[in-house]
Amino acid sequence: MGRRIVLLGPPGAGKGTQARRLARRLDVPHIATGDLLRAAVREQTELGRRAQAHMDRGELVPHDLVVAIIRAQLEKVDGKRGFVLDGFPRNKRQAHALGEITDIDGAILIDIPREEVIRRLSARRICANCGRTYNLISDPPQSDEICDACGSRLKQRSDDKPQVVAKRYDLQYNVEVKPLVDSYRERGLLVVVDGDGDIETVTRRILDALGEGGRTA
Ligand code: AMP
């Protein structure tokens, strides 16, 4: 498998953490639509203002907005070199739009059960200033609820509140992402990796699936 990789999985599967590690390992850019959208919301750009209400409700941001942000980012980082996409595509329509911008070499599904999703997301925190994410159980900051990188206070994402988490899982994942997973499987592009385990173990499984397991970081 090559280096243009899409990471798929329910919210809380560890997509962000694993995508960052994988991108570093493959020496390609990590492109996360959620991070790009949250930065736009923090900066209150026109796009951020349009995206915010959808995000707070746990709903998908409109198609054209997300495709525009991805297209711009792939141009900026020179997508031909490779990439790890995290949070995009999230449905078949977005996958089609991606296919018009670039081919991909493979899709990795990080698989975890619904109860584990709810447990993990309730412990997730994000830095209100720089956007770095933590998990109070599996990846805590060095000092209580304070960002290691910039010293600002951590907070819970508004869409990690329990009612919104359940909605994101049921609506976004079951309805939107699952058909996309099936379509990548039919095209022979899908690898499923068990996401239950510590961060290092799951990274190792992903690298093995990509045939990168033997090389040192
Ligand atoms: P994430 O950080 O990937 O969980 O994304 C957080 C939120 O950003 C989602 O709940 C959506 O509202 C929005 N979002 C991120 N990626 C997409 C996408 N590909 N399509 C539509 N909305 C998205």
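Quick notes on this one:
- Residue-level check: of (1) more than 16 Å from the ligand (Cβ to nearest atom); (2) surrounded by fewer than 18 Cβ atoms within 10 Å (Cβ to Cβ), residue 190 misses just (2).
- Pairing each residue of the range 4-20 that is under 13 Å from residue 34 (Cβ atoms) with any residue that is of a type in the set (Lys, Arg) and assigned to a helix (DSSP H, G or I), provided the two are 6+ apart or on different chains, yields C-beta distances under 6 Å for 7/15; 9/15; 11/168; 12/120.
- Subset of the range 36-90 [outside any helix (DSSP H, G or I), open to solvent by less than 40 Å² (accessible area, probe 1.4 Å), within 11 Å of the ligand (Cβ to nearest atom) and closer than 19 Å to residue 4 by Cβ]: 85, 86, 87, 88, 89
- Residues being closer than 23 Å to residue 43 by Cβ and either of a type in the set (Gly, Ala, Ser) or not in a loop (DSSP other than H, G, I, E, B) (or both) - total across the range 131-145: 3
- For residue 125, the criteria (1) open to solvent by less than 60 Å² (accessible area, probe 1.4 Å); (2) more than 23 Å from residue 66 (Cα to Cα); (3) not in a strand (DSSP E or B) hold in every case but one, which is (3).
- Residue count for the range 38-50, restricted to those that are within 21 Å of residue 133 (Cβ to Cβ) and either of a type in the set (Asp, Glu) or modelled with pLDDT of 95 or more (or both): 1
- Residue in the range 147-168 that is open to solvent by less than 60 Å² (accessible area, probe 1.4 Å), within 19 Å of residue 8 (Cβ to Cβ) and of a type in the set (D, E, K, R) present: yes
The values are calculated or read from the model by the stated rules, or taken from the named source; none is laboratory data. All values derive from a computational prediction rather than experimental measurement. All Cβ positions, glycine included, derive from the backbone under ideal geometry; neighbour counts span all protein chains shown. What goes into the accessible areas is simple: the full protein's heavy atoms, side chains included, and nothing from ligands, DNA or RNA. Shrake-Rupley method; radii C 1.70, N 1.55, O 1.52, S 1.80 Å.
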